[in-house]
Amino acid sequence: MRKISGESWRSFPYCSANILYRPRSPTARRARYPEPGSAPASAVPSKTVAPIGIDLFNGLPGVALFLGCLAAVTGRAEFARAASETATAFILPFASENAFDSGAAPPVGAFAGAAGAVYALFHLGKLLQRPDLRARVPPALCVLEKLLETDGLCDVVAGAAGCLGVAMAVFEQTDDRAEREAALRLARRCAELLKRNARRDADGTVAWPDSEQDAYIGYAHGAIGIAAQLARFHAVDADAEILSLVRGALQLVRSRYDPTLNNWHSRERTAGTAWGWCHGAPGILLALCIMRKAGHRDERLEEDIRTAFEATVRHGFGHNLTVCHGDWGNLDIVRTAAEQMKWPGWPERCRDAVDEACRWMTRLWREGVPQERLPVGLMVGLAGCGYAALRFLAPDLVPDVLSLA
């Protein structure tokens with residue numbers, strides 16, 4: 001276990017956890033959450049405890065994953081208990097392969113869908129050394145496989161590419177035979193869906209268009225995120241059609257780079273840029289690094305990584321402090337890229353920036369910013385702020401959730 005002391009980013013996750021775990025009413029003696037399927041947040045009056053869902057983006061799995069990481073890094077039992085109590089709520093729907101038959105099935109993706117809960121379950125089992133949680137992973141992967149039958153979405157956030165990323169995370173990191181077999185079977189099903197739904201154009205480009213036929217480009221919803229997860233799958237299943245899809249998606253993405261803006265347009269036909277993990281240069285940088293790590297190579301890959309890296313460093317900061325589309329996520333992506341490419345100095349600069357961000361946020365809280373108004377989720381909330389700081393404290397222990405590693 002690691003002792004947290006010194007720099008502000010080492011103590012900052014405690015602040016996040018204490019706010020998350022603090023009882024919200026006199027009768028709340030432990031972490032309590034409404035069960036999945038209860039009244040939506042919009043139906044709950046203001047100034048009350050509102051339910052959150054089973055998605056990784058804003059829901060219980062992201063909160064549990066942060067608390068589990070904090071428990072693993074610090075060795076403190078109260079955080080392990082909090083993570084376990086939170087996990088209890090979101091694992092209920094995965095108790096049976098037919099769990100979602102009686103109601104509206106969620107999407108299958110990694111951040112706005114059911115796969116994110118399985119990702120959190122797998123990593124919590126490892127982090128907390130809980131064989132009982134790990135035993136739930138193969139049946140949960142079978143639930144995802146069944147959900148694919150009715151899900152036509154393709155992106156990382158809500159669709160098959162995100163589910164593929166979760167399957168690959170399990171496959172790459174487990175020695176358990178049941179987990180590996182279930183994960184590889186699910187990965188193949190996801191890849192087949194992505195093959196069927198790809199649009200192959202005469203110019204060689206490949207896209208996965210939405211209902212408006214204006215395909216997204218970026219990591220969260222677009223071609224580069226789908227291609228990155230397909231590249232991971234291709235590393236274990238050398239399917240020539242998968243490689244063709246990866247190359248065609250890269251060709252599309254490259255066609256949407258605008259050198260006057262030093263960024264990639266977010267859509268295939270519509271102009272407009274952003275600077276986050278979800279859309280724009282930071283997410284494209286991450287996707288290119290995922291592809292490179294998976295063994296994909298072409299004559300422009302490292303040049304594209306350099307371009308996306310420099311664009312992110314110059315323009316990707318100062319927008320907000322979220323993981324999805326702000327400084328926390330972009331810092332992690334820059335550090336990841338610099339370490340993979342062995343560019344000296346940049347990891348240290350990122351750590352300095354994390355220290356400054358932690359000092360600023362901690363000072364705001366201590367000066368009385370209303371903590372009950374802070375979102376609690378992973379990608380745009382409090383859990384994400386603490387999680388990002390932990391990524392810098394213990395990157396080998398805290399999973400790279402943005403990459404679905």
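A few notes on this one:
- Contact order relative to length of the range 129-275, as percent, for alpha carbon pairs under 8 angstrom and 6 or more apart: 21 percent
- Among GLY62, GLY283, GLY326, the largest mean-square fluctuation in a Gaussian network model of the chain (Cα springs under 10 Å) belongs to GLY326.
- Note, ³J(HN,Hα) from phi for the range 399-404, Karplus 6.51, -1.76, 1.60, rounded to Hz, x at Gly and Pro: x, 7, 5, 5, 8, 6
- In terms of packing, defined here as the mean over residues of other Cβ atoms within 10 angstrom, the peptides 149-161, 300-312 line up highest first as 149-161, 300-312.
- Neighbourhood net charge (15 Å Cβ-Cβ; Lys/Arg +1, Asp/Glu -1) for HIS123: -1
- Normalised contact order of the chain, rounded percent, pairs of Cα under 8 Å and 6 or more residues apart: 17 percent
- Computed from phi, the 3J(HN,Hα) profile of the range 347-356 under the Karplus parametrisation 6.51, -1.76, 1.60 (θ = phi - 60°) reads x, 5, 5, 5, 5, 4, 5, 4, 4, 5 Hz, with x in place of Gly and Pro.
- If R0 is 56 Å, the Cβ-Cβ spacing of ALA77 and THR260 corresponds to a FRET efficiency of close to 0.55.
- The range 61-88 versus the range 271-316: alpha-carbon centroid distance in Å: 32 Å
- Percentage, to the nearest whole number, of Cα pairs in the range 221-287 over 19 Å apart: 32 percent
- For the range 253-392, the relative contact order works out to 19 percent when only alpha carbon pairs closer than 8 Å and six or more residues apart are counted.
- Volume per residue that the Cα convex hull of the range 96-136 spans, once the total is divided by residue count, Å³: 65 Å³
- Cα-based Rg and Dmax for the range 325-405, where Dmax is the largest Cα-Cα distance (Å): 13.4, 42
- When PHE171, PHE66 are compared by accessible area of protein heavy atoms, the largest-first order is PHE171, PHE66, using a 1.4 Å probe.
- Cβ-Cβ FRET estimate between ARG177 and LEU301, R0 fixed at 45 Å, reported to 0.05: 0.85
- Close lysine pairs were tallied over the chain: pairs 8 or more places apart or on different chains with Cα atoms under 30 Å apart number 9.
- Identified option (computed Cα extents along the principal axes in Å; candidates (1) 64, 49, 43; (2) 84, 72, 48; (3) 203, 59, 26): (1)
- Rounded to whole numbers, the Karplus 3J(HN,Hα) couplings from phi for the range 153-166 are 6, 10, 6, 6, 5, 10, x, 5, 5, x, 4, 4, x, 5 Hz, using 6.51 cos²θ - 1.76 cosθ + 1.60 with θ = phi - 60°, and x at Gly and Pro.
- Theoretical ellipticity at 222 nm over the chain - DSSP helices of four or more residues, -39500 (n - 2.57) apiece, nearest 500: -17000 deg cm²/dmol
- Long-range HN-HN contacts of ASN263 with modeled amide H, under 5 Å: ASP258
- Accessible surface ranking for CYS163, CYS142, 1.4 angstrom probe, highest first: CYS142, CYS163.
- Probe 1.4 Å, protein heavy atoms only - accessible area per residue of the chain in square angstrom: 42 Å²
- Dimensionless Rg ratio for the range 91-228, taking C-alpha atoms and the 2.2 N^0.38 Å reference: 1.06
- Label-point separation in nm, GLU348 to ALA235, each point 7 Å along Cα→Cβ: 2.9 nm
The values are calculated or read from the model by the stated rules, or taken from the named source; none is laboratory data. All of these numbers come straight from a predicted model, not from anything done at the bench. Glycine also receives a Cβ, built like all others from the backbone with ideal geometry; neighbour counts cover every protein chain displayed. Calculation scope for accessible area: heavy atoms of the full protein, side chains included, ligands and nucleic acids excluded. Shrake-Rupley method; radii C 1.70, N 1.55, O 1.52, S 1.80 Å.
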